[in-house]
Structures are given as C-alpha cells and as structure tokens.
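Below is one structure, written out as structure tokens; comments come after it.
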C-alpha cells in the first residue's frame, strides 16, 4: 500500500504462480521483471511457501521496491516496482 495516498498501486502486469513450486515462481518473476520498463509494477501471486522470501530476495538483489505483500490463506500477493 502506498502510505502517502493510502491506495494500492495498480499493477502493469500480473503473474499467476499458484500451483508452481521452487524455483518456478522466482524464475518466472525474474523473466517478467526483465520485460517491464523502469517504474512499472508487477503483481505476483504464489502459494509456494518459499515464494515470498525468494521473491523479496530477488527484488532486493535487483534494487527493486516491494510495494505491498498481502497474505490470503496459503497464497501471497506481492507488488514489485521496477
């Protein structure tokens, strides 16, 4: 959530990784991020228990910003700004 406006960023691209397991979610996230222009937002939905940590680590390594992490049951939704 954007703390300045109280609104969630609208993703430019959505990636559904539900049902995929390590290393697929982080691999597919990297592939989609490579396609985005600087400033665009990727929404990733995954249910692999390792996905949240792996995707956060990827974003940190690439110098990208995690805008939001939402958990819903077994799935997690992560918004990443390139």
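The figures follow:
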| read-out | value |
| --- | --- |
| Which numbered condition residue 26 fails, given (1) surrounded by 18 or more Cβ atoms within 10 Å (Cβ to Cβ); (2) not in a helix (DSSP H, G or I) | (2) |
| Within segment 29-61, tally of residues that are part of a helix (DSSP H, G or I) and within 13 Å of residue 76 (Cα to Cα) | 6 |
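Here, each number is a calculation from the coordinates, and none is a lab measurement. The structure displayed is predicted, hence computed values, not measured ones. For neighbour counting, all protein chains shown are included, and Cβ atoms are generated from backbone atoms with ideal geometry for every residue, glycine included.
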